Amino acid sequence: MIREIERISSDIIKTFRAKEGINHLSGPNLPSRQSVIDIIATLESIIFPGFQENEFLDEEYISFNIGEKLLKAGQSLICEIGKSLNCRSNPCKDEDEKSNDSEATELTFQFLNSLPVIRELAVKDVNAALKGDPAAKSREEVILSYPGLEAVTVHRMAHELYRMDVPLIPRMMNEYIHRKTGIDIHPGASIGESFFIDHGTGVVIGETTIIGKNCKIYQGVTLGALSVKKEEANVKRHPTLEDNVTIYSGATILGGNTVIGKNTVIGGNLWVTSSIPEDSIVYNRPAEFVLKNRYAGQNDS
Amino acid sequence: MIREIERISSDIIKTFRAKEGINHLSGPNLPSRQSVIDIIATLESIIFPGFQENEFLDEEYISFNIGEKLLKAGQSLICEIGKSLNCRSNPCKDEDEKSNDSEATELTFQFLNSLPVIRELAVKDVNAALKGDPAAKSREEVILSYPGLEAVTVHRMAHELYRMDVPLIPRMMNEYIHRKTGIDIHPGASIGESFFIDHGTGVVIGETTIIGKNCKIYQGVTLGALSVKKEEANVKRHPTLEDNVTIYSGATILGGNTVIGKNTVIGGNLWVTSSIPEDSIVYNRPAEFVLKNRYAGQNDS
Amino acid sequence: MIREIERISSDIIKTFRAKEGINHLSGPNLPSRQSVIDIIATLESIIFPGFQENEFLDEEYISFNIGEKLLKAGQSLICEIGKSLNCRSNPCKDEDEKSNDSEATELTFQFLNSLPVIRELAVKDVNAALKGDPAAKSREEVILSYPGLEAVTVHRMAHELYRMDVPLIPRMMNEYIHRKTGIDIHPGASIGESFFIDHGTGVVIGETTIIGKNCKIYQGVTLGALSVKKEEANVKRHPTLEDNVTIYSGATILGGNTVIGKNTVIGGNLWVTSSIPEDSIVYNRPAEFVLKNRYAGQNDS
């Protein structure tokens with residue numbers, strides 16, 4: 001058995017010689033997926049204190065608790081951001097480690113300073129869910145069980161890191177929450193306050209999307225690109241939603257010049273590739289489907 | 001560094017003063033997400049004994065094994081239901097703890113007594129999957145790998161707790177399985193025997209949906225509401241499927257007065273907002289799409 | 001309490017008498033879900049060395065590292081495949097254990113020998129993602145965060161085991177990754193090199209699908225069956241995509257005789273049930289939706 005394993009092992013190692021490698025050998029360490037997940041959990045418990053396991057927080061104890069969590073998340077972020085900065089060049093190359101350290105510390109504090117604002121946005125997102133879903137019974141229920149809230153909260157944190165040009169980590173945060181919730185928000189997307197995603201599975205929001213205040217979208221909505229040419233990576237490729245826009249399930253809105261005007265409602269399954277004026281209601285013409293009796297004639301409706 | 005952390009911590013704590021809080025401080029403990037997940041795992045191993053890791057069960061040993069698991073799930077449920085009862089008021093408030101304890105015990109036993117019936121339903125759901133999917137090769141395969149079966153089994157348990165007016169926990173069970181499978185069934189939905197969801201990602205079944213016997217639905221099906229007004233939270237907002245209804249992938253059925261008659265088949269991607277008579281086959285008119293040769297003229301089809 | 005538990009336990013055990021059981025008692029052990037997950041993790045770290053936690057690999061150390069991982073995955077596979085072989089009969093029955101052991105060892109080595117080729121395919125899949133998504137910034141980003149890449153890599157391994165007629169395990173691998181990514185690829189599907197799935201949530205690829213080289217599909221695409229009759233389980237029920245086919249989000253392609261010709265682009269949300277010639281661009285006629293001002297008249301577009 002050992003000899004056979006040695007042979008297969010050597011066959012695999014031969015494939016490492018490929019010009020365009022997928023082996024990360026002798027290079028700098030990459031950010032750790034598990035650390036990124038742990039950082040997200042700590043940050044979520046700062047945003048929503050008292051909702052985690054085995055936490056009983058009173059108002060006196062809370063300042064120690066928040067301080068301790070900030071320190072823990074901060075130290076871990078300095079370490080992971082430090083590793084990620086090696087990937088500003090492509091492929092990743094060891095940079096001068098000392099300079100990375102101080103830059104990583106600076107970026108981490110810049111990020112932590114955004115948390116009070118993110119908390120205020122989270123309050124508004126919770127209220128948007130409570131208002132937007134007849135089935136929502138309490139703030140506790142929303143915080144404990146709404147995947148859309150968790151996806152948007154993690155997005156707001158990832159977006160801060162994206163704006164600071166931190167490599168890799170924002171996308172790792174986004175993909176962690178995509179896997180958890182089925183909601184895929186690129187960290188580049190800019191999302192206004194009081195945003196609510198209901199159900200959420202299958203939602204895709206592209207890198208250059210801009211969303212105003214008080215918007216609401218449902219499961220299966222795509223805010224995507226018309227062109228997927230690599231050379232257009234730096235152009236605005238995804239749509240803009242102005243304030244108070246609602247988009248029902250399964251609708252697809254495409255294109256960087258597509259603007260959905262304020263107060264507009266987009267019906268389910270709509271396919272939109274150009275701008276829609278403000279104050280509109282847009283829906284598909286009632287479909288002419290075919291209705292047959294299984295045992296007899298036919299009847300159009 | 002410490003001084004900086006203290007300043008950010010104090011900025012965050014200032015946001016706790018917001019009128020509509022998202023911090024759960026000095027209040028009663030909330031149900032624990034991890035405990036709810038552990039309870040689900042124990043209950044699943046009671047429903048499908050012998051399918052879990054490191055279990056070898058023979059027919060003599062099984063009665064001890066089931067008894068032990070019932071005791072474990074029961075004790076944990078008493079504890080979590082006790083905590084959830086504090087959330088009958090909104091926001092959650094400490095009630096008289098003693099009375100919660102005895103009520104939680106009573107509710108737990110009422111729930112555990114429903115397990116034999118849920119097991120009988122699980123047998124029928126497994127058979128429905130085996131019958132409904134040509135790719136299904138054995139009951140073992142269905143139990144070990146079909147996400148639709150797991151989502152429906154957990155739903156049947158969550159629905160029992162929902163009917164007993166237990167707060168929070170039914171939705172936490174539903175969201176755990178939503179994240180795991182991409183299938184979002186509100187615990188309020190009422191689902192008949194021999195139900196099969198194939199593939200399942202993106203399925204949404206709303207709170208007041210009623211589903212008859214022998215129904216089958218595919219990935220991306222929404223059974224949703226036409227109105228999302230908060231003041232209509234207590235009205236029937238979601239559709240009714242009578243017995244033997246099949247709904248193919250991506251179809252959307254909306255509205256509390258929409259009834260899909262028995263034996264009816266709804267085609268993929270259909271958008272239905274009013275009732276369909278029994279014994280029907282309904283499908284979209286073959287679409288007139290545009291077909292162009294990439295290099296030459298154009299040709300409609 | 002104990003007496004009540006004993007009564008419920010006995011009620012549950014009475015349901016074990018059902019003719020069509022869902023209790024796996026006194027039978028052979030089934031493959032362990034956790035072991036299958038651990039095997040996948042080890043195999044992924046062989047395909048993408050250096051991308052896992054706490055690994056620093058240099059080129060000298062790598063041969064020990066790969067050898068050790070192969071040994072670990074191999075021993076575990078022999079054990080799990082051995083258990084799965086009992087399920088060639090339905091329901092599972094203990095076979096002569098010794099013969100299973102040697103057959104399981106043989107199958108395991110046959111599988112491990114396919115890893116160098118799977119690694120070469122993984123290089124091409126990474127490049128296809130980098131080329132196909134304008135938002136992709138580096139190979140590291142693709143490997144660390146693209147769910148489509150992980151789903152396809154695990155599929156390529158599950159497909160090898162499927163072709164060797166190993167029961168249960170290929171489907172368990174597929175369902176693990178379906179839950180993780182929302183991408184449901186049956187292990188029977190045959191997929192050519194340089195395949196890219198972007199976003200991916202809601203993708204379903206059926207058992208008898210055949211996909212050529214350089215294909216690209218987006219979220220919500222279904223490659224499915226027109227007939228779901230159990231007696232047609234052995235017929236080709238799912239479509240064929242020739243080389244260089246692109247299918248945009250939400251499109252549904254159905255039927256075993258449906259062939260999408262090479263170089264063809266299928267637009268979003270299309271519903272296709274018959275073959276499309278090569279070099280085509282196919283899209284839905286611009287929809288005539290209804291556009292109303294919320295406060296005034298009506299206007300069709």
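The values are calculated or read from the model by the stated rules, or taken from the named source; none is laboratory data. Note that the structure is a prediction, hence the values are computed from the model and not measured. Here Cβ is always computed from backbone atoms with ideal geometry, including for glycine, and neighbour counts include all displayed protein chains. These area figures cover heavy atoms from the full protein model, side chains too; ligands, DNA and RNA do not enter into them. Shrake-Rupley method; radii C 1.70, N 1.55, O 1.52, S 1.80 Å.
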Fill in the blank from the handout: Contact list, first residue from segment C:85-112 and more than 26 Å from C:K69 (Cα to Cα), second anywhere and at pLDDT below 70 and buried (at least 20 other Cβ atoms within 10 Å of the Cβ), beta-carbon distance below 9 Å, six or more apart or interchain, is none
Exercise for the section: Considering each of C:N269, C:N263, C:N257 in turn, give the residue that is open to solvent by 60 Å² or more (accessible area, probe 1.4 Å), of a type in the set (S, T, N, Q) and in a loop (DSSP other than H, G, I, E, B). Expected result: C:N257
Handout entry: Unmet criterion (only one of (1) in the same structural domain as B:I81 (by TED's automatic domain parsing); (2) open to solvent by 10 Å² or more (accessible area, probe 1.4 Å)) for B:E193
Key = (1)
Exercise for the section: Specify which of the listed residues (A:G267, A:G255, A:G250) is facing chain C (nearest Cβ under 9 Å) and either in contact (Cβ under 8 Å) with a residue 24 or more places away in the chain or of a type in the set (A, V, I, L, M) (or both). Expected result: A:G250
Exercise for the section: Consider A:K236 carefully, then state whether it is closer than 20 Å to C:A129 by Cβ and either open to solvent by 10 Å² or more (accessible area, probe 1.4 Å) or among the basic types (K, R) (or both). Expected result: no
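Could you say which residue among A:L241, A:L291 is touching a strand residue (DSSP E or B) at 6+ places or on another chain (Cβ under 7 Å) and either within 14 Å of chain C (Cβ to nearest Cβ) or crowded, with 20+ Cβ neighbours inside 10 Å (or both)?
A:L241
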Handout entry: Residues of segment B:276-288 satisfying the condition of being part of a strand (DSSP E or B) and open to solvent by 50 Å² or more (accessible area, probe 1.4 Å)
Key = B:I281, B:Y283, B:N284
Fill in the blank from the handout: The residue that is surrounded by the fewest Cβ atoms within 10 Å (Cβ to Cβ), considering only those in segment B:126-137 that are within 9 Å of chain C (Cβ to nearest Cβ) and in a helix (DSSP H, G or I), is B:K131
Practice task
Working carefully through the options A:F64, A:F56, find the one that is under 20 Å from B:I5 (Cβ atoms), over 22 Å from the mean Cα position of the chain (by Cα) and either modelled with pLDDT under 80 or not charged (D, E, K, R) (or both).
Solution key: A:F64
Completion exercise
Selection over segment C:156-171 where residues are open to solvent by less than 10 Å² (accessible area, probe 1.4 Å) and touching a Pro at 6+ places or on another chain (Cβ under 7 Å) yields a count of 4
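Would you check if A:I39 is assigned to a helix (DSSP H, G or I), open to solvent by less than 20 Å² (accessible area, probe 1.4 Å), farther than 30 Å from B:P170 by Cβ and free of Cβ contacts under 8 Å to residues at least 24 places away in the same chain?
no
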Completion exercise
Of the conditions (1) within 7 Å of another protein chain (Cβ to nearest Cβ); (2) surrounded by 13 or more Cβ atoms within 10 Å (Cβ to Cβ); (3) at pLDDT 80 or above, the single one that B:N100 does not satisfy is (1)
Practice task
Report yes if some residue within segment A:202-224 is surrounded by fewer than 19 Cβ atoms within 10 Å (Cβ to Cβ) and of a type in the set (S, T, N, Q); otherwise report no.
Solution key: no
Practice task
Go through (1) within 20 Å of A:L43 (Cα to Cα); (2) open to solvent by 10 Å² or more (accessible area, probe 1.4 Å) and name the single condition A:I177 misses.
Solution key: (2)
